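Asker: Shown below is the structure under consideration.
What follows is calculated from the coordinates using simple rules that are stated; it is not laboratory data. These numbers were taken from a predicted model, which means no experiment stands behind them. Please note: Cβ atoms are built from the backbone with ideal geometry, for glycine as well, and neighbour counts cover all protein chains shown.
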Amino acid sequence: MELKSHFTFSRQQRSGVLLLLLLVISLLCVYWFVDFSEKDTFDVSSAEIVSMQKELDSLRLVEIENRKPKKYPFNPNFITDYKGYVLGMTNEEIDRLLQYRKEGKWINSAEDFKRVTGVSDSLLNALSPYFKFPDWVTNPKPKSNFKDYKNDKGFAEKPFGQKIDLNKATEEQLQQVSGIGEALSKRILSYREKLGGFSDDIQLYNVYGLEPSVVQRTLNMFTVKTPKVISKININTASASDISTIPGISFEMAKKIWEYRRLHEKVNNIQELDKIEGMTERKLQLIQLYLSVE
C-alpha cells in the first residue's frame with residue numbers, strides 16, 4: 001500500500017498557502033507601522049474646563065474649612081484641660097489657669113488671660129476675639145439703692161401672733177390698711193387666687209398698683225402663715241420658658257437668667273444672679289422661692 005505524504009500540495013493548495021502567508025505579513029505590517037492610538041480631543045486648557053476646575057478647588061477648600069473644629073464664644077474662666085488642649089494651649093499654660101482659678105481669682109480681660117497663662121501673642125490674638133465675659137464685667141452697672149420699707153411710716157408692725165394670715169384675709173380686713181381701697185383689696189384677693197395662695201410675703205409686691213409703702217403697711221398687719229408649697233425648678237436644667245413661668249418674671253429676664261447659666265456652665269448659688277442686668281433685690285428674693293441649684 002502506497003502512503004501519501006502530508007507535505008505534498010496541489011497547485012491550488014500552494015496558491016492558497018501563499019495567499020494566506022501574504023495576508024499574515026500584511027497584517028503584521030499594518031500592526032507595526034500604523035498608529036491606532038486615538039488622539040485626545042479633550043482640551044483641558046479651555047476656558048470652561050479652567051473655570052470648572054477653579055470651582056471644584058473652591059468647593060474643596062470650603063469643605064476642608066467646614067471640617068475644621070469651629071470656635072464659639074466662651075468664658076476663659078471655665079476652660080478645662082480638654083478645651084485648653086483643643087484651643088492649642090500647652091499643659092503648663094492650662095495648669096497656670098486652673099491654679100489661678102483654684103485661688104478664687106477671676107480673669108476679666110484678654111490682658112488678664114495673657115498675664116496668668118503666659119500664652120504667646122499669636123495664640124492670644126487667635127483666641128481673644130472669642131472671649132465672652134459677663135455683662136457685669138464688660139458693662140458694669142452702678143449698684144442700685146434698694147429702699148428698705150421696713151421702717152416706712154404707717155402702722156406699727158404687730159407681733160407675728162397678732163398678724164392676720166394673708167391667705168385668709170378678707171376684702172374688709174385688707175381695706176383697714178391705709179392706701180388700700182375696694183379696688184386694690186379685690187386685686188390682692190384675685191392675685192392670691194391666681195397663685196393658688198401666697199407662699200411668701202414678698203409676693204405681695206407683685207400685685208399691680210400696690211405701692212411698696214402700702215405693701216409694707218399691709219405686712220405690718222398681715223403675713224403668710226399657711227404658705228402654699230412650691231415645687232422648685234432646677235435652674236441648672238431649666239429652659240428660659242420654664243423660668244418665665246415664675247410669676248412676676250418676664251421672658252426677657254428669664255432669658256437673661258438662662259444665658260447667665262449657659263455662660264457660667266452652672267449656677268452654684270441663686271445669689272449669683274444679682275449680677276444680671278435689671279435684676280433687683282426684690283426680684284431675686286422672689287426667684288429664690290421658685291428656683292433651686294439642685
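Asker: I'd like the Karplus ³J(HN,Hα) series for segment 95-100: coefficients 6.51, -1.76, 1.60, θ = phi - 60°, whole numbers in Hz, and an x wherever there's a Gly or Pro.
Answerer: 5, 4, 5, 5, 5, 4
Asker: If I model a spin label as a point 7 Å beyond the Cα along the Cα-Cβ vector, how far apart are those points for TYR130 and LEU20 in nm?
Answerer: Each label point lies 7 Å from its Cα, and together they span 8.2 nm.
Asker: Between THR280 and THR80, take the C-beta separation as r, use R0 = 30 Å, and let me know the FRET efficiency to the nearest 0.05.
Answerer: Efficiency, from the Cβ-Cβ distance: 0.30.
Asker: Expected output is a single nm value to one decimal: the length gained when fully extending between TRP32 and LYS266, i.e. 0.36 nm times separation in residues minus the C-alpha distance. What is it?
Answerer: Between TRP32 and LYS266, full extension yields 76.0 nm more.
Asker: Between LYS232 and GLU157, with labels modelled 7 Å along Cα→Cβ, what's the label distance in nm to one decimal, could you check?
Answerer: Rounded to a tenth, the inter-label distance reads 2.4 nm.
Asker: Now for a different question. Can you figure out the FRET efficiency of LEU189 with ASP95, using R₀ = 51 Å and their beta-carbon distance, to the nearest 0.05?
Answerer: E(calc), rounded to 0.05, equals 0.25.
Asker: Filter LYS256/LYS283; LYS232/LYS255; LYS114/LYS255; LYS194/LYS232; LYS102/LYS132; LYS255/LYS275 down to the pairs with a C-alpha to C-alpha distance above 23 Å, please.
Answerer: The pairs that break the limit, which is 23 Å between Cα atoms, are LYS114/LYS255.
Asker: Whose amide H sits under 5 Å from the amide H of ILE233, counting only residues 5 or more places off or on another chain, with H placed in the peptide plane?
Answerer: So ILE233 has HN proximity to LEU291, SER292.
Asker: Another question, if that's okay. Compute for segment 233-292: radius of gyration divided by Kirkwood radius, i.e. Rg/Rh, restricted to C-alpha atoms, rounded to two decimals.
Answerer: Radius of gyration relative to Kirkwood radius: 0.89.
Asker: Tabulate in residue order the Karplus-calculated ³J(HN,Hα) for segment 238-250, using 6.51 cos²θ - 1.76 cosθ + 1.60 with θ = phi - 60°, rounded to whole Hz; enter x for Gly and Pro.
Answerer: Along segment 238-250, the couplings run 6, 8, 4, 5, 4, 5, 5, 6, 5, x, x, 10, 6 Hz.
Asker: Calculated FRET efficiency, ILE64 and VAL293, Cβ-Cβ r, R0 51 Å, to nearest 0.05?
Answerer: It comes out at approximately 0.75.
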